[in-house]
1. I need the full set of residues from the range 237-293 which are over 24 Å from Ile91 (Cβ atoms), of a type in the set (Val, Ile, Thr) and modelled with pLDDT of 95 or more, in order please.
2. In the range 8-32, what residues are farther than 10 Å from Met268 by Cα, of a type in the set (Lys, Arg) and surrounded by 13 or more Cβ atoms within 10 Å (Cβ to Cβ)?
3. Look through the range 81-133, keep the residues that are among the aliphatic types (A, V, I, L, M) and open to solvent by 50 Å² or more (accessible area, probe 1.4 Å), and return whichever of them is nearest to Leu283 (Cα to Cα).
4. With the requirement that a residue be open to solvent by less than 70 Å² (accessible area, probe 1.4 Å), part of a loop (DSSP other than H, G, I, E, B) and out of contact with any strand residue (DSSP E or B) (no Cβ under 6 Å at 6 or more places or on another chain), what does the range 231-254 give you?
5. Which one of these is of a type in the set (S, T, N, Q) and either at pLDDT below 95 or within 10 Å of the ligand (Cβ to nearest atom) (or both): Thr192, Thr197?
6. Restricting attention to the range 34-55, report how many residues are hydroxyl-bearing (Ser, Thr, Tyr) and crowded, with 22+ Cβ neighbours inside 10 Å.
7. How many residues does the range 207-230 contain that are more than 10 Å from the ligand (Cβ to nearest atom) and in contact with a strand residue (DSSP E or B) (Cβ under 9 Å, 6 or more places away or on another chain)?
8. Consider Gly286 carefully, then state whether it is farther than 20 Å from Leu176 by Cβ and outside the structural domain of Leu153 (by TED's automatic domain parsing).
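The values are calculated or read from the model by the stated rules, or taken from the named source; none is laboratory data. Being a predicted model, the structure only gives us computed values, none of them experimental. Reconstructed Cβ throughout: ideal geometry from the backbone, glycine too, with neighbour counts over all protein chains shown. The protein model used for the area step is the full one, side chains on, heavy atoms only, and it has no ligands, DNA or RNA in it. Shrake-Rupley method; radii C 1.70, N 1.55, O 1.52, S 1.80 Å.
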Amino acid sequence: MTQTHVIDGKEFAALLKTKIADQILNYKQNFTPGLATILVGTNPSSQIYIKNKIKTSHDLGIKSYHLDLPATISEIALLAEIKILNEDSNIDGILVQMPLPDHIDANRIINAIDPQKDVDGFHPINAAALYMNQKGLYPCTPTACIYLLKQTLSSLRGLKTLVIGRSMIVGKPLSLMLLHEDATITIAHSQTIDLKTLCLEADIIVAAIGRPHFLRGSWIKPGAVIIDVGINRSLDPDSKKIMGDVCFEEALGRASAITPVPGGVGPMTIAFLMYNTLKAACLRRGYEVPDMF
Ligand code: NAD
């Protein structure tokens with residue numbers, strides 16, 4: 001039986017946020033980073049995510065600007081709001097909370113954000129920068145996964161790494177980042193055949209599926225490192241419990257390390273949003289970007 005180390009994302013996030021706050025203080029005489037958040041509609045989960053982002057901004061010394069827009073807003077009116085924020089020199093980062101109402105084309109909104117202010121790292125210019133391993137703003141959740149893996153393993157070089165999920169937000173950008181760390185990547189998705197066999201071959205598994213407790217303990221190679229990105233409501237409608245994609249209890253004693261849900265990747269994602277805001281501010285204003293890795 002393997003002793004499983006539970007990777008404490010909350011603790012790493014607290015350390016990272018302290019470092020970011022210190023750097024913001026350092027630059028205080030020169031500038032204060034500004035983060036604009038836009039919420040369209042009243043989706044309860046989105047409201048909680050936005051509230052957390054605004055609170056964390058305040059805690060770290062980032063100036064926050066928030067726009068609450070009605071679900072009925074037209075795409076043209078939303079684009080006009082983004083244009084104003086693009087042109088506002090106090091604003092370093094613009095975050096439009098997803099998902100957007102069906103009548104709005106999310107890609108058109110993402111493409112309208114100034115790539116220099118695209119703290120989510122979703123704009124095609126930043127996606128291309130990641131693809132080419134060039135300087136840019138990279139998506140927060142994959143960056144959080146890499147950070148936690150590098151804190152857990154001395155090197156990712158040559159390790160067989162299975163990324164489950166191919167979304168633009170997690171799976172795809174994470175696969176590129178892992179490749180840049182010299183890991184050997186397999187990407188699995190909903191059409192993958194015999195996922196269990198792929199899992200059993202992997203030294204590292206990152207699960208970004210969106211299905212509670214989908215990945216079973218018996219699928220894990222003894223000693224593998226597991227990063228659980230999933231944030232899912234319990235299948236029991238009476239339970240408010242948040243669950244990962246991995247059956248955590250079954251992974252204990254089998255994996256060498258695992259991130260819990262909650263308290264793993266989630267807190268790190270917000271910390272890296274703050275880092276991206278500081279990074280965007282430094283890049284745009286011509287200051288050195290502090291290294292957090
Ligand atoms: P998504 O729905 O866009 O993508 C899910 C992926 O899972 C798809 O690529 C799909 O092909 C794959 N998939 C679905 N069923 C599968 C199966 N049976 N076998 C293998 N692959 C399968 O979701 P997403 O935005 O990438 O998010 C994934 C999960 O991560 C969700 O639970 C989401 O809430 C969570 N998430 C967490 C954070 C965080 O900060 N921790 C950030 C973003 C997303």
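1. Across the range 237-293, the qualifying residues are Val246, Ile258, Thr259, Val261, Val265.
2. Matches in the range 8-32: Lys19 only.
3. Here the residue is Ile125.
4. Once the filter is applied, which keeps residues that are open to solvent by less than 70 Å² (accessible area, probe 1.4 Å), part of a loop (DSSP other than H, G, I, E, B) and out of contact with any strand residue (DSSP E or B) (no Cβ under 6 Å at 6 or more places or on another chain), the range 231-254 yields Ser239, Cys247, Leu252, Gly253.
5. Thr192
6. Matching residues across the range 34-55 total 1.
7. Matching residues across the range 207-230 total 9.
8. Against the criterion (farther than 20 Å from Leu176 by Cβ and outside the structural domain of Leu153 (by TED's automatic domain parsing)), Gly286 qualifies.
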